[in-house]
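*Asks:* Mind looking over this structure? Questions follow.
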Amino acid sequence: MEGPIIDIAHDSWYIAAVDMLAALGLPPTLLHSDAYLLGRVRTRLIRRLSEGHAELGLRIGQGVILICLDEVGALSQRDLAQLLDVDPSDLVRHVDALEVAGFVARRTDPADRRRNILAITDEGRALRRRYDAMVARVETEVFGVVDAEDRQTLRRILRQIATAPQLEKAPREGTEGEA
């Protein structure tokens, strides 16, 4: 049995939000486009995260590498790329920079000398704590306009979309059948 249907269009917070966006001159189609609105939030979030990363001497994408290596443990570069759903060549550039800075250690896998195993260093863990604080600050700035209950709902919905198996990476055009 499904829960009650909620007529969101009659909720005062929704009407106020649409009125506020309409005041910016956005066309109604954009005001009702999940893709546009999520993209707009992403743009604001990335802008603030970029500033925070720069303050820490990081580039976007490097903090999540530290989190994974800290919480999951040592991983091969390939496994880390799959976990983060990123292109392996992009990951290598980030790992190279983190290794040079002393935040990540790379060693050859004794079981397969073709593989590199990555691990976070003590310096990387200290930076990770500063990174976590920066992300918490940015999330409060961006999502602080939403009350705690709605924020939990948003996180649940985003997690559901982010982990939907049917949205896994599709093959790039023209690569079907390539090994």
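The values are calculated or read from the model by the stated rules, or taken from the named source; none is laboratory data. It should be emphasised that the depicted structure is a prediction, and the values quoted were computed from it without experimental measurement. Just the protein is used for accessible areas: all its heavy atoms, side chains included, with ligands, DNA and RNA removed. Shrake-Rupley method; radii C 1.70, N 1.55, O 1.52, S 1.80 Å.
*Asks:* Mind listing the Cα extents of the range 104-168 along all three principal axes, in Å, largest one first?
*Replies:* Computed over the Cα atoms, the extents are 50, 35, 13 Å.
*Asks:* Using 10 Å bins from zero, what percent of all Cα-Cα pairs in the range 84-137 falls into each bin?
*Replies:* Taking all Cα pairs of the range 84-137, the binned fractions are 22, 43, 30, 5, 0 percent.
*Asks:* Per residue, how many Å² of accessible area does the range 45-179 show with a 1.4 Å probe?
*Replies:* Details: 9170 Å² over 135 residues.
Normalised by residue count, the accessible surface of the range 45-179 is 68 Å².
*Asks:* Okay, moving on. Using 0.36 nm per residue, how much length does the chain from Ala136 to Val41 gain when fully extended, once their Cα-Cα distance is taken away?
*Replies:* Working: separation 95, 0.36 × 95 = 34.20 nm, distance 1.61 nm.
Full-extension gain reported as 32.6 nm.
*Asks:* Report D for the range 32-179 in µm² per second (integer): Stokes-Einstein, Kirkwood Rh on Cα pairs, 37 °C, 0.692 mPa s.
*Replies:* On the way: Rh = 17.4 Å.
Stokes-Einstein gives a translational diffusion coefficient of 189 µm²/s.
*Asks:* Same structure again: Using the Kirkwood formula over every pair of different C-alpha atoms, what hydrodynamic radius in Å results for the range 40-126?
*Replies:* On the way: mean 1/r = 0.0742 Å⁻¹.
Kirkwood hydrodynamic radius for the range 40-126: 13.5 Å.
*Asks:* Mind listing the long-range amide H neighbours of Ser76? Cut-off is under 5 Å, sequence gap 5 or more, other chains count too, H placed in the peptide plane at 1.01 Å from N.
*Replies:* Leu118
*Asks:* Run the accessible area of the range 34-109 with a 1.4 Å probe and give the carbon-and-sulfur part as a rounded percent. Please list the in-between numbers first.
*Replies:* On the way: 2300 of 4400 Å².
Carbon and sulfur together cover 52 percent of it.
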